[in-house]
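Structure first, then comments.
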There are 2 protein chains.
Amino acid sequence: MAARGRDRRRRGRGAEAAPATQRNVNYRQLRNPFPVMEVFPADQIADIHETALRTLEELGVKVLLPEARRLFAAAGARVDEASEMVFIGRDLVEAAVASAPKSIACRAGARHRDFTLELGSLVFQPGAGAPNATDLERGRRPASGQDYLEFLKLTHHFDVFQMISPQVEPQDVPTHLRHYFTTQAQMELTDKFPFFFSRGTPQVMDCFEMLAVARGLSDDDFRARPHCYTIINTNSPRTLDIPMAQGLIDFARHGQMSIITPFTLMGAMAPITVAGAITLSHAEALAALTLTQLAKPGAPVCYGTFTSNVDMKSGAPAFGTPSHFQASLAAGQLARHLGLPWRSAAGSASNANDVQAANENQFGLWGCLMAGATVIIHSAGWLEGGLTVSFEKLVCDAEVLNMVAELCAGAQAGRAEIGFDTALREVEPGGHFFATSQTMERYTTEFYEPHLHDYANFGTWAERGSVDANHRATAVWRDILANFEPPAQDQPGLDAMRDFIARRTAEGGAPPES
Amino acid sequence: MAARGRDRRRRGRGAEAAPATQRNVNYRQLRNPFPVMEVFPADQIADIHETALRTLEELGVKVLLPEARRLFAAAGARVDEASEMVFIGRDLVEAAVASAPKSIACRAGARHRDFTLELGSLVFQPGAGAPNATDLERGRRPASGQDYLEFLKLTHHFDVFQMISPQVEPQDVPTHLRHYFTTQAQMELTDKFPFFFSRGTPQVMDCFEMLAVARGLSDDDFRARPHCYTIINTNSPRTLDIPMAQGLIDFARHGQMSIITPFTLMGAMAPITVAGAITLSHAEALAALTLTQLAKPGAPVCYGTFTSNVDMKSGAPAFGTPSHFQASLAAGQLARHLGLPWRSAAGSASNANDVQAANENQFGLWGCLMAGATVIIHSAGWLEGGLTVSFEKLVCDAEVLNMVAELCAGAQAGRAEIGFDTALREVEPGGHFFATSQTMERYTTEFYEPHLHDYANFGTWAERGSVDANHRATAVWRDILANFEPPAQDQPGLDAMRDFIARRTAEGGAPPES
């Protein structure tokens, strides 16, 4: 709620200095303003694409779900049932790329939360999928339902997160009821675009129904456009497991969005080179994308990759490295080759919310931004290569994302901004611009005002206790949680959803499938 | 010495796993690989340039040095001696831009340290000009001669710093002898391109002579190319003080390089808008640049700006902000408009080497990189908006700069890198790539190996004491200093320089002029 904070500060100024202009920055529908960077020449990108097609044709993909193999076989792919291997011809891939939508209008719980995914648009998600949570007050622990709810509130708070991510696993909620808990929370606490895990058809159908009930959607309304999404990780190299394949099919058939993400670490489950790893990732993404289009042509699907490298001395994953950066660039070139919206990821391997964590995350972020990524996941809060999400790091990274969002708004250099008469001419050599006409008109609105960064001088900062950014972030998230108010929602819908949950819980819930 | 560190690690692997390829990354002569970003359309950049010319013609610049006013007057500028105002016609500015070299070959103390400044090349300097030093062991204190020497050794150590900067003021060295101390240290401890302050002709002439003596250069050799540089800050708005004007003249007449840097803070000593502040900065830079070319046509001069914003609530300077980023972009557009090499700056307002410090510095850095800056100053170590340089922050930021330098090297996607036969085909679904032919050939050389970032998992990291990056950086700089060896230098030259210092010291030295 950056805008609300600014209003409060403006009122604090008093009416005598009411500004003539209003600061009005939209962080909700962003366009990527950065020029795209290419790491490989076009002919090498074509070679990578060609090699990925060859990989699918000659080496094949192991597809563990029989229904998925049937879909591939019915479309003409060569399937070896004994080995569960599927060999996908380029004609199938090319048809899938052609039928996949180039622009996906995502429908949130309120119209000002809607956004469109296409090449050129820019969406951020906080770090996702961690088993642990950490903060400076309560320490590192297995994530709980309370952690899930608190992260959800923080994600809702910052406009720069346009999508909800599954930040942490609420491990104290039984697995057969967990999807009720997370879906209920998303419906009650936020009107942003929600996320559902693909852990088998029963859970996915429950989630779809809860969303439709909560938001008052008919079955046709629901299927008409994407109201939610899932993330599909292939098992690199070249394996598509049962719940992931089922998720691709279920989401596609219901018109809901899959974000496909081969998670490949160069030197471990992928070739050691950027080019080799991205070739593998591209092949796997194309296989998964093809399955969505076989399940339902035109189904909304987001191409993606998450490719970084391991430390070759220890085998440990590393993030925010030069190779990670280059992999994002290469994936962006391939996404543009396909013409599809796509996701990439930032992230950090650091074990604490420290300078390493900040620098890795921001370095990876710039790789995604300059790669033209449509959705940037793990853009805030991720530590330990995804094993933990940090409350403080989320607050710190959100500051960087806000600043990126400010850059999306651009700047002007018209006569009023250059200000020859309203600024330059008004000040003598050695003077200052605090009181020029131009400054008076703009001083409350010209600059981004941080929620975390502190500009006090050293003496003042020391008098206030020498609190570093990490510890200041604790106060920020505590304040956000203490003042959290959920957005207005349809209460009868929510009540109906709660009834549904009570009934399904009484029936025994739905355990995850694997 | 990144290369040396890698050699050590390679040897540690043992001969049985000798790699077929060698990691060989040159951090010394970098080209900027990032696409340039524009913040304003070309017609608005032309308007800014035009308004800057109008500012020089109609509003004028206050020039405190009589000799400089005489040079301007002799060339046809209108000079009002009573007010010390100089009104510079666009013909003079345009002639100066035409005669300023577009490419500057900088001569260091060894040929592998030479570099060229021109649009497209990329040079980093650590944070400069701070009165204070800080580290986690000794705390924050007024900088001393020892601090100066230690920072110089750290700057020499990291190849990614191609130029020496005046990181801290050695405040325990008397001001009339300080330039002997800093010049001697630069000649003895490093063969990188040195920096001299412009604090009056006597000090500058001393420095020139010490360099020529130490490096065995005749007067003609010395004047033939730039062997050193100075940084010239205008006093914004629109004032050029005595030592700065004198420095421009002295360096130009001796063929040495000035880097011109109007240091303008939007909303304080510059207009509150990016467009207005950059118009002022551009006008001041053009005035200073014109003076160099009047002193000696063809003198090496680097265009520059350092423009960020203040916090309008407190008036405190802020760095690494969206406005700072946009100002770098605008300055880059103007530099390309002129065709000249140029400097920009990163930096941080944080009071500690924390997440704020990391994020501000890296955010500002990307602004400079995407602006196509030739020289990026304050790229490592700067805290408190330049009041302090931190040993730990220098080490932390150098990691980021090394990763940027790695990106400068690019990547390949030829047949060997894609590796269909040497990697993709060798691994079955669900397998790993640790032992493929491609991995075996490349595992010691494929990835950047950090000096600071730690990829240990949480358990191992905790067992080792949960040391964050800031505290690990202490160990890094202590290790560098403990193992420092100066490069081979001409000993008779250094002896002669020491004799010169002894003689000049006995004569009373040279106090700074103001």
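The values are calculated or read from the model by the stated rules, or taken from the named source; none is laboratory data. These figures come from a predicted structure and were not determined experimentally. In this analysis, Cβ positions are derived from the backbone assuming ideal geometry, glycine residues included, and neighbour counts consider all displayed protein chains. For the accessible areas, the whole protein counts, side chains as well, though only heavy atoms, and no ligand, DNA or RNA atoms are used. Shrake-Rupley method; radii C 1.70, N 1.55, O 1.52, S 1.80 Å.
Report the extension gain between residue A:136 and residue A:209 in nm, rounded to one decimal, defined as 0.36 nm multiplied by the number of residues separating them, less their alpha carbon distance.
Numbers: separation 73, 0.36 × 73 = 26.28 nm, distance 3.80 nm.
Here the answer is 22.5 nm.
What angle, in degrees between 0 and 90 and rounded to the nearest 10, separates the Cα long axis of helix B:201-214 from the longest principal axis of the Cα atoms of chain B?
40 degrees
Kindly identify residues of segment B:254-284 having a loss of at least 50 Å² in accessible area between the isolated chain and the assembly of all protein chains, probe radius 1.4 Å.
Buried by 50 Å² or more upon assembly, which counts only protein chains, are B:268, B:271, B:272, B:273.
Each label point is 7 Å from the Cα along the Cα-to-Cβ direction; what then is the distance between the points at residue A:43 and residue B:483, in nm?
4.3 nm
Tell me, Kirkwood radius of segment B:253-305 from alpha-carbon pair distances, in Å?
Working: mean 1/r = 0.0862 Å⁻¹.
So the Kirkwood estimate lands at 11.6 Å.
Which loop GluC sites (Glu not before Pro) in segment B:106-154, with loop taken from DSSP, have no more than 14 other Cβ atoms within 10 angstrom of their Cβ?
Working: sites: B:118, B:137, B:150; in loops: B:137.
Counting only loop positions with at most 14 other Cβ atoms within 10 Å, the GluC sites (Glu not before Pro) in segment B:106-154 are B:137.
What does the helix-only formula give at 222 nm for chain A: each DSSP H stretch with n ≥ 4 adding -39500 (n - 2.57), the total divided by the residues, and the result rounded to the nearest 500 deg cm²/dmol?
Values: 18 runs with 220 residues, N = 514.
That comes out to -13500 deg cm²/dmol.
PRE reach from residue B:98 (point 7 Å along Cα→Cβ): which of segment B:53-74 fall under 20 Å by backbone N?
Those under the cut-off are B:53-54, B:56-57, B:72-74.
Relative to the longest principal axis of chain A, what angle (0 to 90°, nearest 10) does the C-alpha long axis of helix A:145-157 take?
Roughly 60 degrees between the two axes.
Provide the descending list of Cα extents for segment A:16-121 along its principal axes, expressed in whole angstroms.
80, 38, 21
When the Kirkwood radius is taken over all Cα pairs of chain B, what Stokes-Einstein diffusion coefficient follows at 4 °C and 1.567 mPa s, in µm²/s? Could you put the intermediate results ahead of the total?
Values: Rh = 24.1 Å.
Estimated diffusion coefficient is 54 µm²/s.
Only four residue types carry charge here, +1 at the Cβ of Lys and Arg and -1 at the Cβ of Asp and Glu. Report the dipole size of the protein assembly as shown about the Cα centre in Debye, rounded to the nearest 20. Walk me through the numbers on the way to the answer.
Details: 92 positive and 116 negative charges, 65 e Å.
Dipole magnitude for the protein assembly as shown comes out near 320 debye.
Taking θ as phi - 60°, what are the ³J(HN,Hα) couplings along segment B:309-317 by the Karplus curve (6.51, -1.76, 1.60), each to the nearest whole Hz, with x for Gly and Pro?
Going residue by residue, I get 10, 9, 7, 6, 7, 10, x, 6, x Hz, with x marking Gly and Pro.
I want to check the label-to-label distance for residue B:462 and residue B:74. Put each point 7 Å from Cα in the C-beta direction and report it in nm to one decimal.
7.4 nm
Relative contact order for chain A using alpha-carbon pairs under 8 Å, separation at least 6, rounded to a whole percent?
Reported relative contact order: 20 percent.
May I ask for the accessible area buried between chains A and B, both sides summed, probe 1.4 Å, to the nearest 100 Å²? Walk me through the numbers before you get to the answer.
Numbers: alone 21220 and 21220 Å², together 33240 Å².
Summing both chains' loss of accessible area gives about 9200 Å².
Residues of segment B:226-252 losing 40 Å² or more of accessible area relative to the isolated chain, 1.4 Å probe, heavy atoms only?
When all protein chains are present, B:237, B:238 each give up 40 Å² or more of accessible surface.
For labels at residue B:218 and residue A:188 in the simple 7 Å Cα→Cβ model, what's the distance in nm?
The two pseudo-label positions are separated by 8.8 nm.
Just name one of A:412, A:267, A:462: the one whose Cα is farthest towards the positive end of the charge dipole of chain A (beta-carbon charges, Lys/Arg +1, Asp/Glu -1).
A:412
Give B:313/B:393; A:153/B:313; A:153/B:393; B:153/B:393; A:313/B:153 a once-over and call out the pairs whose C-alpha atoms are over 22 Å from each other. Display every interim value, and only then the final one.
Working: B:313/B:393 27 Å; A:153/B:313 29 Å; A:153/B:393 33 Å; B:153/B:393 15 Å; A:313/B:153 29 Å.
Too far apart for the 22 Å limit: B:313/B:393; A:153/B:313; A:153/B:393; A:313/B:153.
How many Å² of accessible area per residue for chain B, probe 1.4 Å?
Details: 16620 Å² over 514 residues.
Per-residue value: 32 Å².
Using a Cα-Cα cut-off of under 27 Å, which lysines could be cross-linked to residue B:62, ignoring same-chain neighbours fewer than 8 residues away?
B:296
If one computes the Cα centroid of segment B:452-514 and of segment B:187-244, what distance in Å separates the two points?
Answer, in whole Å: 22.
Relative to the isolated chain, which residues of segment B:449-482 have their accessible area cut by 40 Å² or more in the presence of all protein chains (1.4 Å probe, heavy atoms, no ligands or nucleic acids)?
B:453, B:455, B:458, B:461
With only alpha-carbon pairs counted, each pair once and no self-pairs, how large is the Kirkwood hydrodynamic radius of the protein assembly as shown in angstroms?
On the way: mean 1/r = 0.0333 Å⁻¹.
Here the Kirkwood hydrodynamic radius works out to 30.0 Å.
Return one number: the angle in degrees, 0 to 90 and rounded to the nearest 10, between the long axis of the Cα atoms of helix B:355-370 and the longest principal axis of the Cα atoms of chain B.
Rounded to the nearest ten degrees, it is 70.
Give the residue from B:208, B:383, B:95 lying farthest towards the positive end of the charge dipole for segment B:95-409; charges sit on Cβ (+1 for Lys and Arg, -1 for Asp and Glu) and the dipole is referred to the Cα centre.
B:95
How large a share of the accessible area of the protein assembly as shown, in percent, is made up of carbon and sulfur atoms when the probe is 1.4 Å and the other protein chains stay in place?
Working: 16910 of 33240 Å².
Ligands and nucleic acids excluded, carbon and sulfur give 51 percent.
Using amide H atoms built 1.01 Å from N in the peptide plane, name the residues 5+ places from residue B:123, or on other chains, whose amide H lies under 5 Å from its own.
Residues meeting the criterion, in which the H sits 1.01 Å from N, are B:375, B:376.
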